[in-house]
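What follows is a set of notes on a single structure, which appears directly below.
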Amino acid sequence: MVKITQLSQLDLAQTYSYADYIQWQINEAIELIKGKITLMSPGPNVKHQRISADLCGMLYNYFKHKQCQFYAAPFDVRLYDRKKSVLNSSEIYTVVQPDLCVICNPEILDAQGCNGAPDWIIEILSQGNSKRDMQIKFQLYQESGVHEYWLVYPEHHAIHQFVLQENKQYQLTQMYAEDDVATPHLFPDCAIELTEVFGTWAAE
């Protein structure tokens, strides 16, 4: 088997599985979206990383002594139709790296990451990833059964909260902004003060 060390060795029009993905040794950050290679945006800007770090701190403290576990990118999440049982690597065609995610079922965690849908995913929008997070990943997370999805808008100091309903469709349940306190539907005692998340950039 040819060792894959450069993206140029891969055919971007070809369909690949997670079994292929884990063999590659390339430097570029990529995701697999239904078998197709998707280049991730260039390194996130300072604002994105600062917001991510602030959220990480809050969520780490909240989940530190709880059964549910919190993870931050880079962290591979393998997704597939929620109606299917856990699949092996050659049957999985979507691998994403959410900015932040929370997983309550330890059985879907393994040495490579998460094999199945996390309970809660947070994506922080930045230039170059808006369409992927707002449309493509929105559909993927909905199809695979991610219970709660947050989209963070750094430029608007806002968060949109989507919760999976009984009809297996996301509903926009809350729009938080400025000095609101954001509360996850799944964890109602987790209070995230947006002034702590966006306060550093209030002057911008």
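Cysteine residues of the chain whose C-beta has no other cysteine C-beta under 4.7 angstrom: Cys56, Cys101, Cys114, Cys190. If you plug the beta carbon distance of Gln127 and Asn167 into 1/(1 + (r/R0)^6) with R0 = 45 Å, you get a FRET efficiency near 0.85.
Divide the volume of the convex hull around the Cα atoms of the range 96-204 by the residue count and you get 114 Å³ per residue. The angle between the Cα long axis of helix 46-63 and the longest principal axis of the Cα atoms of the chain comes to about 80 degrees, rounded to the nearest 10. In this rough spin-label picture, where each label sits 7 Å from Cα along the Cβ direction, the Leu109-Thr183 distance is 2.7 nm.
In the structure shown, the pairs Lys3/Lys36; Lys36/Lys131; Lys34/Lys66; Lys3/Lys137; Lys64/Lys168 are assessed against 22 Å; a Cα-Cα span above that value is assigned to Lys34/Lys66; Lys3/Lys137; Lys64/Lys168. Radius of gyration over Kirkwood radius for the range 1-110, both on Cα atoms: the Rg/Rh ratio is 1.01.
Taking label points 7 Å from Cα along the Cα-to-Cβ direction, Asp81 and Ala29 give a separation of 3.2 nm. Averaging over all projection directions, the Cα-based convex hull of the chain occupies 11.9 nm² in the image plane. Here the dipole of the chain is about 620 debye; that uses its Cα centre as origin and unit charges on the Cβ of Lys and Arg (positive) and Asp and Glu (negative). Between Glu196 and Lys36, the contour length at 0.36 nm per residue exceeds the alpha carbon distance by 53.9 nm.
We did not get these values from a lab; they are worked out from the coordinates using the rules stated. The model shown is predicted, which means the values in this text are computed figures rather than measured ones. Every residue, glycine as well, gets a Cβ built from its backbone with ideal geometry; the counts of neighbours run over all protein chains shown.
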